[in-house]
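The values are calculated or read from the model by the stated rules, or taken from the named source; none is laboratory data. Keep in mind the model is a prediction, meaning the values are calculated, not measured. Cβ: placed from backbone, ideal geometry, glycine included. Neighbour counts: every protein chain shown.
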Amino acid sequence: MSRPLLPLKAGAVTLTVLWTAWMMWWSGSFSSVNTIILALCGAAVGYLWYRAMRWQFERMGMLPRRENEE
């Protein structure tokens, strides 16, 4: 994990946890199926947010561009 991406990854994890907790509180159902579904959706939201912010920060020049990642 490179240092410039550390705050971005930490932000994505924080967003995932907060989004999942908020959706569980909002739905009012704490069944195991609901918890699993919301955890998977939360992981997807966090990952998509990370990819979108990384792309945007690279475009703005705030992060170094990726060089031939294979």
| said: Quick check on my filter: what residues within the stretch 1-39 are within 15 Å of the chain's Cα centre (by Cα), loosely packed, with under 13 Cβ neighbours inside 10 Å and of a type in the set (Ser, Thr, Tyr)? | reply: Thr14
| Looking at (1) in a helix (DSSP H, G or I); (2) modelled with pLDDT under 95, which is the only condition Met62 fails? | (1)
| field | In the stretch 1-52, the residues that are outside any helix (DSSP H, G or I) and of a type in the set (Ser, Thr, Tyr) | value | Ser2, Ser29, Ser31
| field | Residue in the stretch 56-67 that is surrounded by 11 or more Cβ atoms within 10 Å (Cβ to Cβ), within 30 Å of Arg3 (Cβ to Cβ) and among the acidic types (Asp, Glu) present | value | yes
